[in-house]
Structures are given as structure tokens and as C-alpha cells.
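Derivation of every value follows stated rules applied to the coordinates shown; laboratory data play no part. As the structure is a prediction and not an experimental result, all values here were calculated from the model. Positions of Cβ are generated from backbone atoms using ideal geometry, with glycine treated the same way; all protein chains shown enter the neighbour counts.
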Amino acid sequence: MAMPNGGQISQAQLAQMRAQNIPMQLQMLQQQQQQQQHLQAQANQPHPQNMQQHAHNQQMLAQAQHAQQQAQQVQQAQQAALQQRNAAAQQMQMQESQNATTQAPQPQGIPARPQSAAPSQPQAPQPIPQQPPQPPQTPQSQPHTQTPQQQQQQLPPQPGQPNQQQREQQQQQQQQQAQEQQQQQAQHQQLAQQEAQARQQQQQQQQRNASVNLMMQQPDMQKFMGGQVVLRLLSFIDRLSSPEPHQAIKFEFWEEFVAQHFAPGGSLQHQLFNMSDGGDKRFRISYPALPYYYHSHFTSGIRTMTMQPQGAIERPLPMGCHAVLFQRCTFTHIFNNDTQVVSTGTLKVNFDANQKIEYLDIGTVRWVEYVPRLKLAALESPDVKSPKVNKNIKKAQPRPSQPQSVALPRSMVNSNGITDGVLQNLEVHAQYRSQNLVPH
């Protein structure tokens, strides 16, 4: 738009000037409404003497209403024009900002907005002349044209279209929140790892302390356990040497004896020595056959079985087990006729953690059978006669003594130093073991 002096007015300045005239028009409308209300109040109180005045007032009221309607129409038209100008100005600013990046001249394709003449306002009658208050004077704008960046700063952002800075700020806030969450998670994980490491170190320290205490207490415990297993072995020997005669011939008694002194997987090894040829035999008896082994001794004429171990050597084993070795042991079997068979050898016993026998090893290197003197019957020789008394006693002459023959009783054991019943039981069990008919 051209000024009378030849200067140019931008679209933004024109919109600002028109926007400043809007308060003046609104004030004029308020004054007209007040006059209209005053006229209506006078019209509502007619007097018979002033009929002409009443008609004049009605005419004035109609003119005021018409002027008010025209003023409203003018205001609406100005608002619509203002919105169109704002939209066109924003579009121009966007195009100028895009062209500014490439330093290109402003495109000429955008036609200039035609200037529309403002509709003339009819002058409404003013029964009460009042001078409206003048709005405050605004400083005049500079004659030079504003840059696109300044116009963009002056124009308010359109609703529904977020500003680029706001979007960047939102993205930065979201990134900061995500970083803070990641940092918190990393801190929580680090704390959890530190706590786990502390607990693990504490457990390791407790284990080390427990192992140290166990090592310090181990010699005393070994001595204590060694003494306990020796006492347990002595109880086993005492129970084996003095069973009741009526119980010793019962198989159930030996089942209970084996369950009391042997572990469920326990076994016994018996080494026999043959006095006739100097050879030996080894028999391995598993846990189910142990009651038969002891029962066969007492059903073949043996009354008691005693052991006299000497020179004990104790040795601890893993898992709380112990081993006791006797370098010399005497095994004595006493029969019902008082005959005794004394064997010498070694004895080795392994005890489990429950102080029960896991392995019993009996080894013999020699044996001797002893017969009571009363069982020997002295027999007279058939050529020995009773002496006769000679009346003519002469000088007695010494005569050599005749050897007496003795009848020896039958031996109670075979050449291996055990009864035939015990040997038969060992051989049968060995045959079953070879055929996998009994557990090893």
C-alpha cells in the first residue's frame, strides 16, 4: 500500500493499524447500545400528553438499531479481512524463510493482494452528541521494510501446529528422562551386583572359617572317633564270644547280630591256612550270607568264638570313616567237648560314619588243635603181665619201661582249621557268587 508521501506500508503494519481502530468502533457500539437502552426506557413510559415525543423516540430507536446492525456487519467484515491478511502474511513468511536458506530472490509468482476498499459506514443519528475517547497513540513504524525473520517473530504461531523449538525441547526432555532411567537402572544393577558379591564373600569367609575350625578340631575328633570305633569292635567281639546256647543255634539271632554290627553293604573275607600242604584259600562273604556264615559255626559243634587283637593301628578315612588294623590277632574256637582250635593271624576292620562294619578281614597263618588230657584214654599193652611174688626174694633187677599206646579222639576240624560244615557253607556261597546268584 502506498502512502501519500510515496512511502510503502507493509501488510503487517496495515493489519496493526486496523486492529487499533477496532477498540474505537467497539466503544461507539457501546455508546449506541446505551442510547438505545435509554430510548427504550423512555418508550416504555408513554404519556397521553406527549404522543408526538413518543413517536419521535420510536423512530430514533429504529435508526439506532439499524446503525448497530451495520456496525456489527462492519466489525465482522474487518475481522474476516484481518484473518485473511494474517494467513497471507504467514504464507509469505514461510516462503521467504525457505528461500533465505538458498539466498535466492523472492519468487514473483505470488500476486499482490488486491486492496479492498472498506465499506462505508452509514452515519447513525446521534441524539446525544458525545465525543468518544481517543485511543492512545502508538509509535509510528519505521519507513523501511521488516525482514522475514522479524515478521516471523511478530506473528503468533497457528493453533494445532507446534513450534519447532517446542518439539526439540520435548525430544530433549524425553532423551534426558530415558538417560536418567538408564542411569538409575545401571545404579540398581551395580548395587545388586555389589550386594551379591558381598554375600558371596561372606559365605566364602564363613566356609574358610568352618574349614579352619574343622582342621583344628580334626585331630581331637579323629582321636575321639578312633576310640569310639575300637570300643565298637570290642562290643562286637564280646557279643560273638558269649552267646546263649539256645540262641546260638537260631538263625534269627544271627540275622539280628549282623544287622546290629554290619553296614547294609558290608562284607567279610576269611583267609584259611592248610597245615598239610601250606596253601591258603580266600572266601568273600557278602552281607546277605553273613548270618549263614556265623550260624554254620555254632551248628557244627562250636560253643564260643573269641578274638584277642593286639597292636592296633588306627587310620581315618574320607567321609567320616575309620580303619583299624591289628598286626597280630588270636582266634580261638571252643567246641562242646572242650576241644580248642587256636589260630593266629591278622585282623582288619573298616567302619563307616555310623560306626558299623563295612569290611572285616580275617587272615590266618597257622593253627593248632588242643585236646583236653581227660579225653586221652591210656591203654595197656597186651604183653604186659602183673608181677608174681617170689618167695625166694632175690635182688631186684631194674627192667626197662614199656611205651604206652594212647587212643586220640577224632579231630573237630579239617586240614584248613575249620569244621566241615563251615567249609561247605563257604564253598556254596562262592559258587553262588560265581553265578551272580547273590550280591557281591
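If R0 is 22 Å, the Cβ-Cβ spacing of SER415 and ILE249 corresponds to a FRET efficiency of close to 0.25. For GLN181 and GLN70, the FRET efficiency from 1/(1 + (r/R0)^6), where r spans their Cβ atoms and R0 equals 56 Å, is about 0.30. Computed over neighbours whose Cβ is under 15 Å from that of MET412, the net charge equals 0, Lys and Arg +1, Asp and Glu -1.
In this simple spin-label model, placing a label point 7 Å from the Cα along the Cα-to-Cβ direction at both ASN86 and GLN171 gives a separation of 2.8 nm.
If R0 is 41 Å, the Cβ-Cβ spacing of SER235 and THR299 corresponds to a FRET efficiency of close to 0.95. For labels at ASN274 and GLN37 in the simple 7 Å Cα→Cβ model, what's the distance in nm? Roughly 14.7 nm, to one decimal. Extending 7 Å from the Cα toward the beta-carbon at both GLN327 and TYR432 defines two label points whose distance is 3.8 nm. Along the range 249-263 the Karplus relation, 6.51 cos²θ - 1.76 cosθ + 1.60 evaluated at θ = phi - 60°, assigns HN-Hα couplings of 8, 9, 5, 5, 4, 6, 4, 5, 5, 5, 5, 7, 10, 10, 6 Hz to successive residues, with x for each Gly and Pro. Remark on GLY417: its backbone amide H falls under 5 Å from none of the residues 5 or more positions apart or on other chains, H modelled at 1.01 Å from N. Within the shell defined by Cβ-Cβ distances under 12 Å, the residues around VAL371 carry a net charge of +1, with Lys and Arg each +1 and Asp and Glu each -1. At full extension, GLN202 and GLN164 could sit 8.0 nm farther apart than now, given 0.36 nm per residue minus the alpha carbon distance.
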